[in-house]
Amino acid sequence: MRRLGLPVTLALLLSSCGSGHSTFAAGPKKPNVLFIIVDDLTTTLSCYGDKLAKTPHMDALAARGVRFDRAYCQFPLCSPARASFLTGCYPERTKVLSLNQSFRDALPDVVTLPELFQHAGYATGAIGKVFHGGGAKTKLDVQLGAPLGKDTAILVEAKAANDPEDKPTAKARGESYNRAYAASARPDADFTDYEIASRAMRTLEEFKDRPFMLTVGFIRPHSPYVAPQAYFDRIDAPRMTLPPFYRAAGEDLALMPKAALRPNNNVFSRQAPTPQQARDARQAYLASTAFVDAQVGRVLAKLKELHLEENTIVLLTGDHGYQLGEHGLWAKQTLFEGATHVPLIVAAPGVKPAVCAGLVEQVDILPTLAGLAGLEVPKTAQGRTLQPLLQDPSARGREVVFGTMVSTHTKLIGHSVRTERFRYIEWDEGRAGQQLYDYQTDPDELHNLADKPAQAERIAHLKSRLAAHLKAMEL
């Protein structure tokens, strides 16, 4: 807390004596924090330019805050991504490169985002999917998980009613369909994310009279893409444009590095989709996103109803991006633009509505929330606060952003370096392939320029930037 100067202290003393009160005037109220994470959410929001998306509540949040148009995750997979932005450390530092690792093994004493606020005296809560599995290692005031079995049961029911030809195959962890999406006749209240929103709203009621830091993790549009029928009906599927892979001319993947692609076992587990099935899947993903948007809206409405909106920092993001048919892919775990580009929206007291085009990373989330709340950033955090960009959204962001991935089938490590215009990707330090894309002339990533002599100097520069970054990650 800022120390009061002597003149201010004397003024307060005189004021309190003259009014007959023996206590000092109350200091400024700490800002609350509402951190919303949406699982597998890429930039399929109306405010990000998706013409078919129906996301009025997230759009409204963006309209009263700053929308970061070029925000990127550090590892496009749930556990590594969350370990990164919840500690403020890059994956090379957390050592979390898969779903079954804990950042506590490499960083046993790291201060996580919820812990930072807990240590500052905030009421803290985590509702739904926040950390992937364990890892927090600190008991918060409220910790409520996600009833994941609800949507699995609804999918089984909906598939039987709507798609009887797609019979499930047995898997160790439940039912597996070739087309893991379906519209359901059930009401909103029967779904996982409705319950998560309800729990978050009850927690806001509980926390309303004290400073709080509440993290809410929604599940959809993570596969299966299942939602009430009404949300499917909102998506104008006939207007849908599919990626080049599904168009008449198709896309030649023959020269693509093997590690760059992956099986579509999350959505199309047995055979590749037809163009119509690709449309159906994209409609289902957008429907699931619209359903989650409605639940985000319920939580934000409760915040406003409790008169907490004006003193609450709200940050919304996806845990990573997602491929929706680009290069024939339906999943995360790639280093293409689709899987690494994420929505990032910040609405906070004193922050004017704007759009920021600067490059930023999710590793910047922890220092940003700490800075906005006036808390000291832990020395372990490697990101940097976005406060300068919140105050001047026209300012330049990072020169480059980094991404890491382990190929699902080759198990080789890949790294990417993204500039404002280009993306360089290398697998196994380049031995298993290199990729270079120019998004100004090739937004669909159809032309790999890595073997072009004219790009040799650019590739050498980006490799140098990557090497320096990885060197800095060594403890």
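Bear in mind that the values in this text are calculations on the coordinates, not laboratory data. Just so you know, these numbers come straight off a predicted model, no measurement behind them. Every residue, glycine as well, gets a Cβ built from its backbone with ideal geometry; the counts of neighbours run over all protein chains shown.
Restricting to segment 27-399, what percent of DSSP beta bridges are antiparallel, rounded to 5?
30 percent
How tilted is helix 78-87 with respect to the longest principal axis of the chain? Cα atoms for both, answer in degrees (0 to 90, nearest 10).
Roughly 30 degrees, rounded to the nearest 10.
Just add up the charged neighbours of Ala259: K/R +1, D/E -1, any other residue whose Cβ is under 14 Å from the Cβ of Ala259. Mind showing how you got there, number by number?
Values: positive: Lys258, Arg262, Lys411, Arg431; negative: Glu426, Asp428, Glu429.
Result for the local shell: +1.
How tilted is helix 149-162 with respect to the longest principal axis of the chain? Cα atoms for both, answer in degrees (0 to 90, nearest 10).
Approximately 40 degrees, to the nearest 10.
Roughly how many whole Å is it from the C-alpha centroid of segment 171-224 to that of segment 88-138?
The distance from the Cα centre of segment 171-224 to that of segment 88-138 comes to 21 Å.
Any idea how far the Cα center of segment 413-475 sits from the one of segment 369-403, in Å?
Each part reduced to its Cα centre gives a spacing of 24 Å.
Would you mind putting 315-326, 88-99, 269-280 in packing order, based on average other-beta-carbon counts within 10 Å, highest first?
Final packing ranking: 315-326, 88-99, 269-280.
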